[in-house]
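Below is one structure, written out as structure tokens; the observations come after it.
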Amino acid sequence: MLYALFGIILLSCQDQVVVKPAAFLRLDFPEPKYLRYASDCPYEFDLNQFTQPKAKERCALNLEYPFMGATIYLTYQGVNGDLAQLLNDAQKLTYDHTIKATEILEQPRVDPLHNVYGMYYQIDGPAASHAQFYLTDSTRHFLTGALYFNTKPNFDSLYPAIDYARKDIRRMMETLRWQ
């Protein structure tokens, strides 16, 4: 009996090895609900109601995501015979990220019915911006946008938030109308 008690005590003192399952960061964001955003500026589009639009000078607009520390910066310019320069500047701003980006995918936007043309750039990797775009009617209006996070870029950790904001950008581009 004494040997049995001693054996139980010895066995109960060993550390039991427990294999932990792989863990992944879980970020839950609210399901987007879109409302029409219009102002005195010559454009309007669908906007996720969970963003906070902050109007700036000359029809620039910051769309802030307070729940994930991100902002989409929109800049509006009129086209005054300088469309080629505006396009060149927008493309240069995007391709400045090639130093850190692992891939930049281009997705053109062509909507002749609403006279909206542009390009969406999906930037993957540890770049400062993860999405950029421009939209124009080729004669009067030019709108650029860029997504930035208020943190050090870590593509893998930020991916759920990046994906969420990218979907909002695509919706914005699809619903943009010039005034």
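The table below gives the values:
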quantity	calculated
The one condition in (1) surrounded by 15 or more Cβ atoms within 10 Å (Cβ to Cβ); (2) farther than 19 Å from Met173 by Cβ; (3) of a type in the set (Asp, Glu) that Asp46 fails to fulfil	(2)
Segment 135-154 - residue that is more than 19 Å from Tyr73 (Cα to Cα) and touching a residue at least 40 places away in the same chain (Cβ under 8 Å) and, of those, nearest to the chain's Cα centre (by Cα)	Asp137
Pick from segment 92-134, criterion under 19 Å from Gln77 (Cβ atoms) and without any contact (Cβ under 8 Å) to a residue 12 or more places away in the chain, ranking: surrounded by the most Cβ atoms within 10 Å (Cβ to Cβ)	Asp96
Index of the failed condition, Asn154 passing every other in (1) exposed (fewer than 14 other Cβ atoms within 10 Å of the Cβ); (2) within 23 Å of Glu57 (Cα to Cα)	(2)
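Listed here are the residues, each with its yes/no results for (1) small (Gly, Ala, Ser); (2) more than 17 Å from the chain's Cα centre (by Cα); (3) modelled with pLDDT under 95.
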| residue | (1), (2), (3) |
| --- | --- |
| Leu5 | no, yes, yes |
| Ser12 | yes, yes, yes |
| Glu64 | no, no, no |
| Asp82 | no, yes, no |
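The values are calculated or read from the model by the stated rules, or taken from the named source; none is laboratory data. Keep in mind it's a predicted model, so treat the numbers as computed, not measured. All Cβ positions, glycine included, derive from the backbone under ideal geometry; neighbour counts span all protein chains shown.
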